[in-house]
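All remarks here apply to the structure that follows.
The values are calculated or read from the model by the stated rules, or taken from the named source; none is laboratory data. Just so it is clear, the model here is predicted, and its values are computed rather than measured. No Cβ is skipped: glycine too gets one built from the backbone with ideal geometry, and neighbour counts run over all protein chains shown.
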Amino acid sequence: MKKSHKRHLLRFDRALSNSLIKQIGILAGILLVSLLLSYLFLSLSGSDWKVFCKKTDLEPWLLPIYLLIDGNALNCLYMGGHVHGWMLIASSLTYLCGILIFNGMLIGVITNAIADRVDSYRNGLTHYLYSGHYIIMGFDDMVPSVIRHIFDKDKDAYVLLMSAVDANSIREKLRKTFSEEQAEHIIINYGLRTSKDFYADIHLEAAEEVFIVGLRSLPAHDAMNIECIDSICSYLKNDVKQGLKPKRITCVFEDLDTYASFKTTEIFKHVGDLDIEFVPYNFYSGWANQVLLTRHYMEKSRLDESFPYPSVYGDGITPDDNKFVHLVFVGITNLSAAFAVEAANMMHFPNFSEATKSPKTRITFIDTAVDQEKSEFITRNHHLFEVQSYLHLDLSTDSQEAATQELISESLSRQFSCHDFLDIEFEFIKGDIFSQKVQHEIRKWATSTDRYLSLFLTMSDQRKNFMMGMNMPDEVYDNEIPLFIRQTRADNFVTNLREADDKVFGYSRFDGEQLQSSQRRGRYANIYPFGMNDMAFSTDDTSINRAKLINFLYSTADYNDNHFMDMKELDAMTPESIWTRADEDWNKLTVALKWSNLYCVYNIPIKLASLRAMRGLQPNDSSHDTDLLSENEIKIMGRVEHNRWNVEKLLMGYRKANDAEDKYCYPDHAKSLKNNKKLYIHHDIRPYDDLDESTKQWDLEIVKYIPWILKITRE
């Protein structure tokens, strides 16, 4: 009996606390019972109340209501001499019920309703947005940069942030970054990104875009985000009847291997089947593109101001330039590994000669644990190291003898008749950045005239990065070598140091007996912060649009003559018809081919820098970028394009065909051997001069149509 009583009490408490409607319903029920009891009391008191109603022209059924609602009613009856005996008792009981209901319970319900509404808002349980909004799922330090990206596209946009993190703490963190006006456009709702139960409340199907962020510090971050994508697709496919869907889903992945796997597998084909654009995003690769490609960053305390990053390839490399690009990463971390891969995909130049196999873009890692990290990096990218040797230098010993740089070919596959034909090379140096041997090596690089040197301090310890950045060899600062310092959070100190030293100072020294005077910028004029968590998200929609146009050219190409659509035909088409077809074809494309088109686009700014230098233009002079290329320019850049393509395919997981699989070795069976591409075995991974003319034609076509791509996407 006691348990049954407790269960009934539990149901009552839940009903009372769950919603305002139930609270009002309970109150209405009590009022109805009170009215019935009032009629009963008055009926049992005799007929005096009816006589009173008749004298005062009051309907009998109104008197109980009058006594319940009007707090002065009993006083009027009593003072008028109309109430006595049992009627006084009945009226008093009715009056007391009215006080209890309207002066007690009703005020309490209204007060609780207001308090519940406030708590509901503060805890993210109130929903306001129904369509056209942007949804961010999960919360970590990257989220402010995602919100800024949305506001950059649409300053009037409404952003719905769904997270299981306490809404008040999120609100306080965002308040430090955004103005009051912007904060009014950010709605915080409680919810679990992997549960479909919350999707209807936030009207996910009617959102403009969805960003799946999560909490990157969680070990299961990537697995949960994959589960979230599956849940969203299931919801849109089975639970939404209107056929609504967001235009794009951007998903953040933390692990480099998880991220890389999406470039060659179709595990998210169901997203494309829903005609939704899917964009995987990685924090480390995103920062690499921001530094090397878009080349700018925002300083946290001055969000309306953009600061440029310097070019790591000078003012543009021409075919007769004998200098090579040298990127040095101090510390092998996920960040430096991602930078290296992205740089290998981008840094290809027209001065590479297949005859001399030089000069090659060099990517150097320096770390005390380089042996272990080297093995892991080579394993991750083993198809590249099957055809390319790497450099190794041990600066970890105390020996006074000069260390010798070794060319290591232990990973080369003996199945291939040609190797070392790539225009990039990797170098692994074992040593401590603070040691004199490593410092001496950096001095030598900084004073050499055969390279475009850039230094990246990518150690996981922010303090070490900053300390090393402030105490590099003097030759680094004197020769204005770009020095990129990883900062997890605060970037303003590095920026302020650079601004303070970014001035021209007079410098004098004796050269023999002659005084030489020159001008030089300050010590820290070339230091740059990067890697900040809250400035991480920076999508490049221009590159995505250009990649769509490249795919459009391939999808409309003439494969009998190996030519893209004629330029006159393209000019006759309206931009609307081009973009409609481009979007449709892009959503049908495999993830691997999407990435292939994107990496092709990422090299366009570097090709443009070389073309400007070849034409005698200033590095920032874009006035002739849309001019048609000459036959010689097409020939030079077509070779660059194939060198870039070789590296792209190897880093994406393709491997070079061995002699038994090579169509060039068995031309009579070329048609059958070409099918091996479905297994990521490619016969065209080879030196440019070894290609047949029909294959070379595609490299030339891509280069030839760069001006058209720029013209269509010019902002």
- [ ] Report yes if some residue within the range 524-533 is within 30 Å of residue 455 (Cα to Cα), touching a residue at least 12 places away in the same chain (Cβ under 8 Å) and either basic (Lys, Arg) or part of a helix (DSSP H, G or I) (or both); otherwise report no.
- [x] yes
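Working only within the range 544-579, note down all residues that are of a type in the set (Ser, Thr, Tyr) and surrounded by 15 or more Cβ atoms within 10 Å (Cβ to Cβ).
In the first step, residues of the range 544-579 are kept if they are of a type in the set (Ser, Thr, Tyr); the result is 554-556, 559, 574, 577.
554, 555, 556, listed by residue number.
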By residue number, the members of the range 324-340 that are surrounded by 23 or more Cβ atoms within 10 Å (Cβ to Cβ), in a helix (DSSP H, G or I) and of a type outside the set (Gly, Ala, Ser) are 335, 339
- Within the bounds of the range 422-444, is there any residue that is crowded, with 19+ Cβ neighbours inside 10 Å and hydroxyl-bearing (Ser, Thr, Tyr)? no
query: Just wondering, is there one or more residues in the range 624-631 that are in the same structural domain as residue 678 (by TED's automatic domain parsing), in a helix (DSSP H, G or I) and either free of Cβ contacts under 8 Å to residues at least 24 places away in the same chain or within 18 Å of residue 313 (Cα to Cα) (or both)?
result: yes
Subset of the range 349-373, residues in a helix (DSSP H, G or I) and crowded, with 21+ Cβ neighbours inside 10 Å, comes to 370
Residue 416 meets each of (1) buried (at least 18 other Cβ atoms within 10 Å of the Cβ); (2) at pLDDT 85 or above with one exception, condition (2)
By residue number, the members of the range 612-648 that are out of contact with any helix residue (DSSP H, G or I) (no Cβ under 8 Å at 6 or more places or on another chain) and either surrounded by fewer than 19 Cβ atoms within 10 Å (Cβ to Cβ) or among the basic types (Lys, Arg) (or both) are 612, 615, 616, 617, 620, 623, 630, 631, 632
When residue 248 is run through (1) touching a residue at least 24 places away in the same chain (Cβ under 8 Å); (2) out of contact with any strand residue (DSSP E or B) (no Cβ under 6 Å at 6 or more places or on another chain), the failure sits at (2)
Taking the range 256-299 and the residues there that are of a type in the set (Lys, Arg) and surrounded by fewer than 19 Cβ atoms within 10 Å (Cβ to Cβ), the one that is farthest from residue 380 (Cα to Cα) would be 295
Only one of 672, 610, 694 is of a type in the set (Ser, Thr, Tyr), in a helix (DSSP H, G or I) and within 20 Å of residue 553 (Cβ to Cβ), namely 694
Checked pairs for the range 186-204, first assigned to a strand (DSSP E or B), second modelled with pLDDT of 90 or more and among the aromatic types (Phe, Trp, Tyr), C-beta under 7 Å and 6 or more apart or across chains, list as 187/158
Being touching a residue at least 12 places away in the same chain (Cβ under 8 Å) and either buried (at least 17 other Cβ atoms within 10 Å of the Cβ) or part of a helix (DSSP H, G or I) (or both): is that true of residue 321 here? yes
Apart from one, (1) touching a Pro at 6+ places or on another chain (Cβ under 7 Å); (2) farther than 18 Å from residue 352 by Cβ all hold for residue 609; the odd one out is (2)
